[in-house]
Amino acid sequence: MRTRVGIVGAGPAGLTLAHLLHLEGIDSVVLENRSREYVEARIRAGVLEQRTVDLLVGAGVGERLLREGIVHHGIELQFGGERHRVPLSELTGGKTIVIYGQTEVVKDLIEARLATGRPLLFEVDDVRLEEVTSTRPRLRFRHEGRPQELECDLIAGCDGFHGVCRPSVPPGVLTAFSREYAYGWLGILAAVAPSSDELVYSSHERGFALLSLRSPSLSRLYLQVRADEDVAEWPDERIWAELHLRLGLPGWTLTEGPVLEKGVTGMRSYVVEPMRHGNLFLAGDAAHIVPPTGAKGLNLAIHDVRVLANAIVRWYRSGDESALERYSDECLRHVWRAEHFSWWMTSMLHLPPDEDPFGLRLRLAQLHYVATSRAAATSLAENYVGFEL
Ligand SMILES: Cc1cc2nc3c(=O)[nH]c(=O)nc-3n(C[C@H](O)[C@H](O)[C@H](O)COP(=O)(O)OP(=O)(O)OC[C@H]3O[C@@H](n4cnc5c(N)ncnc54)[C@H](O)[C@@H]3O)c2cc1C
């Protein structure tokens with residue numbers, strides 16, 4: 001088999017790249033090691049920046065997003081027994097965020113891909129990359145029990161943090177920067193209307209909690225827990241009791257509902273530089289991870305592939321390689337802005353296990369500053385809705 005761009009991974013990055021290339025008449029093959037059902041049901045992100053929405057709509061895959069996505073103009077910060085609204089739109093010249101589950105983004109993109117008739121192979125095994133520094137890089141894999149070989153001009157490594165593309169780069173080429181956090185998030189999806197019109201980020205003496213949503217009838221709620229917390233220690237009643245403690249306020253009630261899904265996610269900040277090795281281009285979680293507090297991971301993945309698609313189109317159209325050469329630097333500027341913001345939000349809102357009274361007072365001072373200073377709130381808002389560098 002031969003194609004122009006071999007794409008490993010059918011998450012938001014790989015599927016969006018495939019679609020953007022298709023719109024420019026550039027063929028690609030997408031290889032995914034999971035089933036369609038699995039990738040369409042994997043509960044993850046749900047907050048889309050304005051520019052992510054604009055890109056998906058502009059690419060013709062935003063019809064359902066525009067119909068079903070829920071536009072938010074602000075978020076709530078809760079600490080010291082009070083809520084403080086950060087009016088995102090007012091502080092950013094009218095920008096908004098849209099609540100639309102990653103599952104729905106992925107479903108829309110898969111449907112669009114299948115409608116093009118271009119290849120999207122699920123349940124491939126043993127993907128291996130060969131000769132990525134040559135002009136004819138290859139992907140070897142097994143599909144439906146048979147070994148296959150795919151010759152490409154370029155390979156896009158969109159296979160997430162645990163994929164094969166980044167580890168296939170020889171040692172010494174990439175430099176990794178990372179930070180581990182001593183806590184993680186216990187997340188639940190509950191079949192109940194959200195108890196707040198806007199997301200509530202609560203910094204509580206028992207730990208952080210977040211009230212979010214996926215639709216008018218589905219709530220998404222998170223609790224800060226130990227990074228190695230066993231979800232079995234958290235029956236539904238215990239989760240709701242803890243959510244009441246951390247999110248509760250006099251005169252406001254958190255409504256409970258059946259828990260449809262629950263799991264613990266660790267938190268990590270991670271970046272590799274550069275995001276390219278020869279004709280292998282890493283994009284999305286394959287190259288960088290952020291803790292979810294800033295809602296940046298999915299948005300960064302989409303940003304990477306927008307830059308990559310533009311560079312690839314330019315190369316095919318005019319033979320001009322300069323945009324491909326700038327790909328890594330261009331993405332990394334945005335990546336590090338998002339890394340800083342995600343680390344900052346996480347550090348401000350979570351209770352570190354070893355926090356001393358001085359550390360606690362510094363965090364509270366920062367929260368008070370954001371809640372009372374228009375300049376500080378504007379800084380949070382412009383990063384949250386997506387900062388254009
Ligand atoms: C609990 C949680 C909440 C989050 N909340 C937000 C949020 O609110 N906003 C936000 O922007 N981000 C959020 N994120 C982050 C976001 O989900 C990720 O950043 C996003 O999924 C990255 O997309 P991707 O396409 O780069 O990678 P992925 O979505 O990981 O896709 C990679 C794909 O590659 C496939 N793959 C892996 N290995 C192979 C292989 N060997 N061969 C073939 N295919 C392979 C995988 O199955 C997968 O389908 C959250 C993440 C978590 C875990």
**Request:** Would you work out if the range 75-114 is rounded, prolate or oblate? Take a ≥ b ≥ c from the square roots of the eigenvalues of the alpha-carbon gyration tensor; rounded if a/c is under 1.5, else prolate when a/b is larger than b/c, oblate otherwise.
**Result:** oblate
**Fill in**
When Glu144, Glu76, Glu68 are arranged by how many other beta-carbons sit within 10 Å of their Cβ, fewest first, they go Glu144, Glu68, Glu76
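Plugging the Kirkwood radius over Cα pairs into Stokes-Einstein for the range 106-265, at a temperature of 25 °C and a viscosity of 0.890 mPa s, what D comes out in µm²/s?
So the translational diffusion coefficient is about 124 µm²/s.
Checking a compactness column here: for the range 141-189, what do you get for Rg(Cα) / (2.2 N^0.38 Å), N being the number of residues?
After normalising by residue count via 2.2 N^0.38 Å, the value is 1.74.
Ranked highest first by average number of other Cβ atoms within 10 Å, how do 44-57, 350-363 line up? Mind showing how you got there, number by number?
On the way: 44-57: 21.6, 350-363: 12.7.
Averaged packing, sorted descending, gives the order 44-57, 350-363.
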**Complete:** Whole-Å distance linking the alpha carbon centroid of the range 46-76 with that of the range 169-190 is 26
**Request:** Rank by packing, highest mean first: peptides 287-294, 119-126, with packing defined as the count of other Cβ atoms within 10 Å averaged across residues.
**Result:** 287-294, 119-126
**Message:** Skipping prolines and chain starts, which residues have an amide H placed within reach, meaning under 5 Å, of the one on Arg276, given they are 5 or more residues away or on another chain?
**Reply:** Leu282
**Asked** For the chain, what percent of Cα pairs sit more than 34 Å apart?
**Response** 29
**Item:** Relative contact order of the range 193-283, defined on C-alpha pairs under 8 angstrom at six or more residues apart (%)
**Value:** 24
**Message:** Can you tell me which lysines have their Cα less than 19 Å from the Cα of Lys95? Leave out same-chain residues fewer than eight positions away.
**Reply:** Lys296
**Fill in**
Dividing the mean separation of Cα pairs under 8 Å (6+ apart) by the residue count of the range 117-186 yields a relative contact order in percent of 21
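Compute the relative contact order of the chain as a whole-number percentage, counting only Cα pairs closer than 8 Å that sit 6 or more residues apart in sequence. Don't skip to the end; give the middle numbers.
Details: 789 pairs, mean separation 77.9, N = 389.
Relative contact order of the chain: 20 percent.
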**Item:** Rounded if a/c under 1.5, otherwise prolate or oblate - the range 107-200, Cα gyration tensor axes
**Value:** oblate
**Asked** Say we join alpha carbon atoms closer than 10 Å with springs in a Gaussian network model of the chain; which of Leu129, Leu308, Leu280 then has the biggest fluctuation?
**Response** Leu129
**Message:** Only counting other Cβ atoms within 10 Å, I'd like Glu111, Glu382, Glu339 sorted with the fewest neighbours first.
**Reply:** Glu111, Glu382, Glu339
**Asked** Using mean Cβ contacts within 10 Å as the protection proxy, how do 178-186, 18-26, 164-172 order, highest first?
**Response** 18-26, 178-186, 164-172
**Asked** Does the range 285-389 come out rounded, prolate or oblate by the C-alpha gyration tensor, with a ≥ b ≥ c the root eigenvalues, rounded set by a/c under 1.5 and, if not, prolate when a/b is larger than b/c and oblate if not?
**Response** prolate
**Message:** Helix-only estimate, please: 222 nm mean residue ellipticity of the chain, summing -39500 (n - 2.57) across DSSP H runs of length 4 or more and dividing by its residues, to the nearest 500.
**Reply:** -11500 deg cm²/dmol
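The numbers here are math on the coordinates, done by the rules we state, and not lab data. Since the structure is predicted, the reported quantities are computational estimates derived from the model, not experimental observations. Counting neighbours? That spans all protein chains shown, and the Cβs are built from the backbone with ideal geometry, glycine included.
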